[in-house]
Structures are given as C-alpha cells and as structure tokens.
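Heads up: the structure comes next, in structure tokens.
None of the figures in this text is laboratory data; all of them are computed from the coordinates on show. All of these numbers come straight from a predicted model, not from anything done at the bench. In this analysis, Cβ positions are derived from the backbone assuming ideal geometry, glycine residues included, and neighbour counts consider all displayed protein chains.
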Ligand code: SAM
Ligand code: SF4
C-alpha cells in the first residue's frame, strides 16, 4: 500500500494555502450547509479552520451545538480509562511512559489487579472502560490485552471495553475482535511525517506507515468500530485536523464505514517528558474551533474529550459537539486503587469524580449515558452508520441513555446528583415521540427501581 496516497502532504498544504482565500459570506454559507448534517468538503473545513473572527466563530459554535443536538440529542456518553501497564519500549518524546524515562515507576498489572481496577471503576457506576497500555512485546502483547479484556468482562460489571493500544498485525487484530472489544482506538499523533520522525525517536512506533495502516488491518480482521485522532500541539493543528478528515474520508470510501470516533487529546506536561515546551501550542479558542469543525465536517462521528482539559474548558466543550467524555480518570496502572504520580502517563487537569461530573452534565442540560447496547446488539460499523444517518439511532439511544443513567442514580449516585438527575430523566422521557416506547421505558424504569439491571433496547 502506498501510504502517500492516503495522506499526501503536498495536497494538504495546497488545501491549506487555498483555504486562506475566503470571504465572510462564503464562511456563512458553509456554516448553513453544515446544518443539513451531511458533512462539508475538506476545503470547506479548511476554510473554517482559518476563521479567527469571534463573531463568526460564535456562529460556528452555534452550528456545532445544533448538529450535535439534532443527531445525538442531549446525550453525553461517559467512560473511564483503565491503564494496565506503563511499560514501553518506544521513545515518544512527549510521553511519560517512554523507555528512556528511568525515574518512572514501571508496572504491568496482573490479571487479578486488572480485575480489581475494573471493579473499583465499576463501583463508581461506570459501565464502559477504555483499556490503555504502553507497547512492550514482552509484557503488553496481544495475550496480555486479550486476557485483560476477558477477565474484566467475566469479573466486573463493565459492559463495553474499548482499547487504545499499539498497532497490530491482522492475526493479532482477529484475537482482539474475538475478545469482543468495543472500539479499537489509535491516534496517528501527527500526520506530518517530518514531525512524526522527530517525536518518535526509537522503537517500533517510529514506523509512521505501520501506524497509519493499522486501521486497514483492523478492518481486514473484521473490526468495524475504530477511533482515530491526533495529539494536538505536536504540529500545526490545521494540517493535522485536515489530515484526520482525509484519513476518515479514505476509510469511509474504502470500507463503507468511517471511524466511529475522533479524539481530541491536547499535549499535556508529563513526568520525564523529552519536550521542554509544546512545539505548536494551540489556545483554548483553537481547540473549541477544532471541535466545532469536526462536528460540522463529520456529523455522525463521535467526538471524545478526556480529562486532559481543565474543568472550565470541558464544561464549554460539551456544549460544542463533544459526544463522549471520560470522568474521574487515572493515568497510571493501578491508579484507581492507589494513585502514584510518578507512574502517570501525563498530568490530568479535570480531577472531578464521576458523581460530580454527572451532576455538572445535568446542570448543563445534558443527559449522561452509560449505554453499551449498540455493540452488544451488533449495531456497529455499517449497520450503525445506516441507522445513524437516517436518525433511527435516536429510537434506541434515548431510552437506553435514560435507563442506564437511572441505574446509576439508583445504585451509585449521591443525593444531590439523584435530585437533579431524576429531574433530567423526566425531561428526557418526554422527548421520546413514540408513545409505546415511552410507556415501555417507564415500565423499565420501575423495574430498575426494584433492583433490575442492564435493561436496554
Ligand atoms: N502506547 C500506545 C500508543 O502509543 O499508541 C497506546 C496508549 S498511549 C498511552 C495513548 C495516547 O496517549 C497516545 O496515542 C498519545 O496521543 C497520548 N499521549 C501520550 N503522551 C501524552 C501527553 N503528554 N499529553 C497528552 N496525551 C498524551
Ligand atoms: Fe509508549 Fe504509547 Fe507513550 Fe509512546 S505514547 S511512549 S508508545 S505509551
């Protein structure tokens, strides 16, 4: 495979050059067009990225909010990362886990420790985890990942496990699929080859092409639910956002299904990092623009926000098109049991726990969701996109969000969160148009109050 055909830097630079010529009218037209929820062209997205005018930016944010609401309603899916290991043989300059960080407390969790972490996360009310680990063929190989996934499903009340791990061969991806993971997530970090080379000094991750083609191998192995993203701050964000959209289009055209999610990690300080400053800093305003542009360009793709961002900014970003967010995260293996700052991957910013986060999400007018139904009912990949593009996904998501949030309110929430949460549920229940479905949802809510769990459509 010629990877320059997937990501062609000359083309991207030409698009970015051309995008500098725009008029206010043209931008307003693109914003209007985006509200049809069919997405926008790459060049149009590039023009939006050039906007600096606060008044126009506000219009972009409004459009992103509108699209998010139209497609996802007020739902925000909540999850927690679970780090199984910080051992790594790569040398990514920005990461605390890099091999040359000799002061890091290294640890790979045993199967029992993985189970304990998962149980602690589940005890807060989480149902989804994102399993994360460094890359070390001896300790964090496919057997470690598969064993961790299986043992969590078997021993903790976690209903969906997504995985963020190093690129694999088709054979390894097949094993991952057999373990019944949700989304396989991998960030290219930067699509700019020269910067990629500078940032990835040694180890297998230095191979840009093997990483870029990971999703192709995952699809080949039958995984149809994938997540992509770049580490914002490594290179010019405009270049990397456009490249991410081009990668997404490429996957959509070739496999009939684009990425399920795009993540928006922004570079954070890390203990033992090899970078003394952010190479291409982007402001909060830039990050808000990036979220809005993704939402407008690929309206059916989930946007994932982590606790790398401050609580103030996170509260703003959930109003701009983000559809999934982590809460109460720890970035060291075993962190939910015992926090060790000298074992962290990077410093998190929003330290609020899950219960507080749920309250804030409700206060902002959103409905937290712990739903894991689609992937368990095999509504993934093309089947999911078909439903989503015809807005049928609402029919499942709305009642499922209500039911899963109710389960949290009954079993895990504080009195304060319960109070605001119950009010939220009443509002959201009324949004179900189909009367029969609404009645059935009410019946199931009663069953949850009486102690039943895991009810979904
Ligand atoms: N080791 C695997 C890999 O690199 O693909 C998977 C896990 S890695 C721990 C997950 C992601 O964390 C990386 O893809 C990178 O984007 C992000 N990351 C690493 N260092 C970071 C930092 N200092 N700030 C923010 N995100 C960081
Ligand atoms: Fe290892 Fe991933 Fe960190 Fe790179 S980003 S050092 S591969 S854990």
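Tabulated values for the structure
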{"quantity": "Cα gyration tensor shape of region 307-355, rounded if a/c is under 1.5, else prolate or oblate by comparing a/b with b/c", "calculated": "prolate"}
{"quantity": "Paramagnetic reach from residue 377 (point 7 Å along Cα→Cβ, amide N under 20 Å) across region 72-111", "calculated": "72-78"}
{"quantity": "Equivalent ellipsoid dimensions for region 391-449 as semi-axes, Å, which come from the Cα gyration tensor, largest first", "calculated": "20, 11, 10"}
{"quantity": "Distance from region 48-80 to region 89-112 (C-alpha centre basis), Å", "calculated": "36 Å"}
{"quantity": "Length-normalised contact order of the chain in % [C-alpha pairs under 8 Å, at least 6 apart]", "calculated": "20 percent"}
{"quantity": "Proportion of all alpha-carbon pairs of region 298-457 beyond 27 Å (%)", "calculated": "31 percent"}
{"quantity": "Calculated FRET value between residue 436 and residue 207, using beta carbons and R₀ = 60 Å, to 0.05", "calculated": "0.65"}
{"quantity": "Förster radius 30 Å - calculated FRET efficiency between residue 414 and residue 112, Cβ distance, rounded to 0.05", "calculated": "0.50"}
{"quantity": "Order of 423, 289 under a 10 Å beta carbon neighbour criterion, fewest first", "calculated": "423, 289"}
{"quantity": "Hydrodynamic radius of the chain per Kirkwood, over alpha carbon pairs, in Å", "calculated": "22.3 Å"}
{"quantity": "Pairwise label distance in nanometres, residue 124 with residue 310, each label 7 Å out on the Cα-Cβ vector", "calculated": "2.2 nm"}
{"quantity": "Stretchable slack from residue 93 to residue 426, in nm (0.36 nm times residue separation minus alpha-carbon distance)", "calculated": "115.0 nm"}
{"quantity": "Extension gain (nm, one decimal) between residue 28 and residue 443, 0.36 nm per residue minus Cα-Cα", "calculated": "144.8 nm"}
{"quantity": "MRE, 222 nm, helices only [DSSP H, n ≥ 4, -39500 (n - 2.57), over the chain, to nearest 500]", "calculated": "-14500 deg cm²/dmol"}
{"quantity": "DSSP bridge pairs, the chain: antiparallel proportion in percent, nearest 5", "calculated": "5 percent"}
{"quantity": "Spin-label pair residue 178/residue 252, simplified geometry with 7 Å Cα→Cβ offset, distance in nm", "calculated": "3.4 nm"}
{"quantity": "Residue-span extension gain [residue 1 to residue 52] - 0.36 nm each, minus C-alpha spacing", "calculated": "14.6 nm"}
{"quantity": "Exposure proxy ranking, count of Cβ atoms within 10 Å, fewest first, for 386, 87", "calculated": "386, 87"}
